[in-house]
There are 4 protein chains.
Amino acid sequence: MSEKTEKNQKSEAPFKTAISQHVDEASYVRGYALTDLIGKVTFTEQIYLLLKGELPTKEQRTVLDAMLVACAEHRINVPSIVSARYAYSAGNTFNSAMAAGMLSIGDFHGGAIDNAAKMFIENVDKKEAEMVAMELKAAKKRAPGYGHKVYTTDPRSAKLFEVAKQNKLYGKYCKFAESLEAALEKTNGRKLCLNVDGAVAALLCELQIDYRFGKGFFALARCAGIAAHVLEEAQIASPFRTLVDEDVEYTGVKKRELKR
Amino acid sequence: MSEKTEKNQKSEAPFKTAISQHVDEASYVRGYALTDLIGKVTFTEQIYLLLKGELPTKEQRTVLDAMLVACAEHRINVPSIVSARYAYSAGNTFNSAMAAGMLSIGDFHGGAIDNAAKMFIENVDKKEAEMVAMELKAAKKRAPGYGHKVYTTDPRSAKLFEVAKQNKLYGKYCKFAESLEAALEKTNGRKLCLNVDGAVAALLCELQIDYRFGKGFFALARCAGIAAHVLEEAQIASPFRTLVDEDVEYTGVKKRELKR
Amino acid sequence: MSEKTEKNQKSEAPFKTAISQHVDEASYVRGYALTDLIGKVTFTEQIYLLLKGELPTKEQRTVLDAMLVACAEHRINVPSIVSARYAYSAGNTFNSAMAAGMLSIGDFHGGAIDNAAKMFIENVDKKEAEMVAMELKAAKKRAPGYGHKVYTTDPRSAKLFEVAKQNKLYGKYCKFAESLEAALEKTNGRKLCLNVDGAVAALLCELQIDYRFGKGFFALARCAGIAAHVLEEAQIASPFRTLVDEDVEYTGVKKRELKR
Amino acid sequence: MSEKTEKNQKSEAPFKTAISQHVDEASYVRGYALTDLIGKVTFTEQIYLLLKGELPTKEQRTVLDAMLVACAEHRINVPSIVSARYAYSAGNTFNSAMAAGMLSIGDFHGGAIDNAAKMFIENVDKKEAEMVAMELKAAKKRAPGYGHKVYTTDPRSAKLFEVAKQNKLYGKYCKFAESLEAALEKTNGRKLCLNVDGAVAALLCELQIDYRFGKGFFALARCAGIAAHVLEEAQIASPFRTLVDEDVEYTGVKKRELKR
């Protein structure tokens, strides 16, 4: 494709990728033969390799495992699970039902990771946590990754940072995240705990994974829980789930005649 | 909810689940405190626990890791990756783009796993592989999980079964799958190799994971590759990907006037 | 692109379409300038034009309108609506929430249209309705498009066929569909009414629209209802909808310790 | 549900809706019996009724038809169509493929409608268009709904406003939108035409449809085009569409050995 003399010929390939290639009908992922990876690396190592281009150290793998486990499942009540079970119950395919679940992740469900990570990156080397807390207060903005309706300390965050310390991956982002938790309490007069989104965000930064991956990280991890719930729906539930009438209140206009 | 005297009261909970519960605001997955699992189990062990209710043995985990790695990524050219990259490029969220990719898994892309596993389960204890091959031929049906446009031996299948043998999980389903490969060659006069879908199907059976999970298993594994490709799209591609005109041929009616 | 001497050059365009083209930066739909269509044709006429390549007669348009109206909305309780509202409530985009709703259409929700239409096409010129009813009974198969948990006559089907008659589009498919309703009652000893899926299927046949469009037709029509419900969710509901605890019963193992 | 003495009883219905209800097993949409609507209202009228609660006047219907027609289809090259065709080609269901298409609508594809409408609403009664143009310039922000890579006048916008005028729905929002087009040219020294997104946004305001519906409106309209393309894919294309190799450039690391 070096010469571009003919009209209509593409100047360059529309898709560029550094993730995988085929050579002589065999797949190479980040340079490694797929058949070499099978049996030698874990799924988590493969995920790391796919995202970052290199295999993780034992410490990086352990922390990534902890992060994925922390987000894989929480409870049935949340939108990502309910939507997936409804979708499957209507008689759709397994993967489509999982996709419906994934579409129920959003700003209010796994959605603070990217914004929290962005905030850490933008401030960690430039500002004290207290200044960030005051700026947020002045701007009347919530700190993404902080606060929980019940917890004053999110036990998942504590656990994740403990694992990070054991694996020498508790670095400046984690430290900043914890300083900001203290600063927010000082500034606002009440505790706003670093929640699991915020802790995952700090660890994504420590692993130098692009913050824009935030909602994708949560989707990838939660995919495991969604899959288990769709399988349970397939195994135990009758098809065609509907809301029971008592869960619905009609608030609209009364029956009326169409004058046509 | 023991008494049901009032009209409109639900007789039973519409959602039943054995996967997770909250006790005192803490999440328990299959009985284990989520905070105990974080840092102690790998993502693959969590996946197994979620799907099956118990943690895997080291051997089961190793085989499941191999299966997930085998399906996580293959190449950029396939529908699951292309759709996801187009979706992200139009300015949608990360998780929605991943869902678009997941919707491009189907009968022709990761889709033979469930049917192959079903075929193994229905026949393994009842029929010889040769009889199954002959019945398929008589019914003019393709054996799901067999055949590849290039390979006469699928190196991923070989590798997966090697890992299964090393981990004492090469059992009657794997054996049957390989017998059927030989029987199909004998019956049809040409090699139809056990492809990666077929090998994964046999291993799902060995791990006693419900065959209906087939397309879901592929979706869960491929989710890792989809995530990496969407991240790469975010990092290197300009927004709003479109087909180049030379890839399109218009075959419709010529310009015409609307007479109204 | 007539010569294929260079290696790597495509032999033909991978996408062929007769639906639309651009000429001098202007869009032509089925040959008509898009700017001519705007203001002169209705959305329903545009749908017909897109699907079939020609604008409908007044009668065809009226029947297609009736079919779309019949499927656009039914009630909030169904999976397509519930999933969409959950998805939006989690903080996802409007179009992603609509997609989640569309993924909750399936074999048990709008899903009988394609199979019913296929059955009509395969039999209408070959077999009496009574024979089809007997064959279905012998095969222990349900007739797709027949039966309703409450109705003995589906009022929507009756209405649709009335509109078809008024517009001279009640033809052999409608007739066959009604004969089969009578034949099923005779064969099974109880009424299995032609439901709305079945009536729409017969009318798709009368309009000579490909039966494979079945689930797509329902998705297109229901899209209107889904859109209205997502908008209502945006307007009146608080974010992050979750199942209330009383709707969930945990059936799994009790709290247990992780021995690691 | 007036008394809430029992523990665990819901205080109120989690779903409230004014869109539809069932009375004696019959569906009522915005108060009208569904069976009365079938055959008497067009799909576009039903859409308007669903969204707004009342049937449109003839003028409102005509303008809404024009808006839907303007957005229903443009060309095959765009993400919403390409993703849908890839998804179907992989062997997924018709509705899932449509959903994949809908997920490829986003900020860069149909995505300016909501922001443009918001901008019109916030400014129409408060500021001159010239001030808005200057503020945008000072803030280095693009005006949503303005600009096109080719057009200096978007013929679809012109047509839509012509239809609005004919139907007495060219009001203050349309006027403001056109003033802003002139003001942007004056402020920036070059024409930034009101594009189809901007014109649709102004008309949504004239019809008093919530601006948050923006991406949903485009999704609903484009659904028709997506449906036609998926049907064409079903009819003429072979399964399993893949990128051709010449469209891909591998930019990653070379083959390397896995040292484990």
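Summary table below
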read-out: Chains B and C, summed buried accessible surface - 1.4 Å probe, Å², nearest 100; value: 3900
read-out: Exam field: residue B:237 pseudo-label spacings to other copies (7 Å along Cα-Cβ), nanometres; value: 1.5, 3.1, 3.3
read-out: Under the Debye formula (equal points on every Cα, no solvent term), log10 I(q)/I(0) of the range C:101-144 at q = 0.20, 0.21, 0.31 Å⁻¹; value: -0.69, -0.73, -1.10
read-out: Burial order of peptide ranges B:93-103, A:189-199, C:179-189 (average beta-carbon count within 10 Å, highest first); value: B:93-103, A:189-199, C:179-189
read-out: Computed helical MRE - 222 nm, chain A, DSSP H runs ≥ 4 contributing -39500 (n - 2.57), nearest 500; value: -16000 deg cm²/dmol
read-out: Alpha-carbon centroids, the range A:157-229 and the range B:207-260: separation in whole Å; value: 32
read-out: Of B:165/C:259; B:159/D:254; D:16/D:52, those spanning more than 19 Å from alpha-carbon to alpha-carbon; value: B:165/C:259; B:159/D:254
read-out: Restricting the range A:46-149 to trypsin sites (Lys or Arg not before Pro) in coil, as DSSP defines it, with at most 10 other Cβ within 10 Å; value: A:126, A:140, A:141, A:149
read-out: Shielding of B:118-131 by partner chains, average beta-carbon count, 10 Å; value: 0
read-out: Antiparallel DSSP beta bridges within the protein assembly as shown, as percent of all bridges there, nearest 5; value: 60
read-out: Cα-centre dipole for the protein assembly as shown with unit charges at Cβ (Lys and Arg positive, Asp and Glu negative), debye to 20; value: 0
read-out: Net charge of neighbours whose Cβ lies under 14 Å from the Cβ of residue D:202, counting Lys and Arg as +1 and Asp and Glu as -1; value: -2
read-out: Antiparallel DSSP beta bridges within the range A:1-125, percent to nearest 5; value: 90
read-out: Inter-site label distance for residue A:182 and residue C:152 at 7 Å from Cα along Cβ, in nm; value: 7.8
read-out: Net dipole in debye of the range A:160-260 [+1 Lys, Arg Cβ; -1 Asp, Glu Cβ; about Cα centre; nearest 20]; value: 500
read-out: C-alpha center-to-center spacing [the range A:37-95, the range D:72-129] in angstrom; value: 29
read-out: Inter-copy separations for residue B:190, label at 7 Å along Cα-Cβ, nm, ascending; value: 5.2, 5.8, 7.3
read-out: Residue of chain D whose Cβ sits closest to the axis mapping D onto A, with distance in whole Å; value: D:96, 2
read-out: Number of partner chain Cβ atoms within 10 Å, mean per residue of A:234-242; value: 5
read-out: For C:110-116, mean number of other protein chain Cβ atoms within 10 Å; value: 2
read-out: Loop GluC sites (Glu not before Pro), the range C:218-260 (other Cβ atoms within 10 Å of the site Cβ: 14 or fewer; DSSP); value: C:257
read-out: Range of Cα positions in chain A per principal axis (Å), largest first; value: 71, 58, 46
read-out: Label point 7 Å beyond Cα along the C-beta direction, distances from residue C:122 to other copies (nm, shortest first); value: 1.7, 5.8, 6.0
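The values are calculated or read from the model by the stated rules, or taken from the named source; none is laboratory data. Treat the numbers as computed from the prediction; the structure is a model and nothing was measured. No Cβ is skipped: glycine too gets one built from the backbone with ideal geometry, and neighbour counts run over all protein chains shown. Remember, those area values only see protein heavy atoms, side chains included, never the ligands or the DNA or RNA. Shrake-Rupley method; radii C 1.70, N 1.55, O 1.52, S 1.80 Å.
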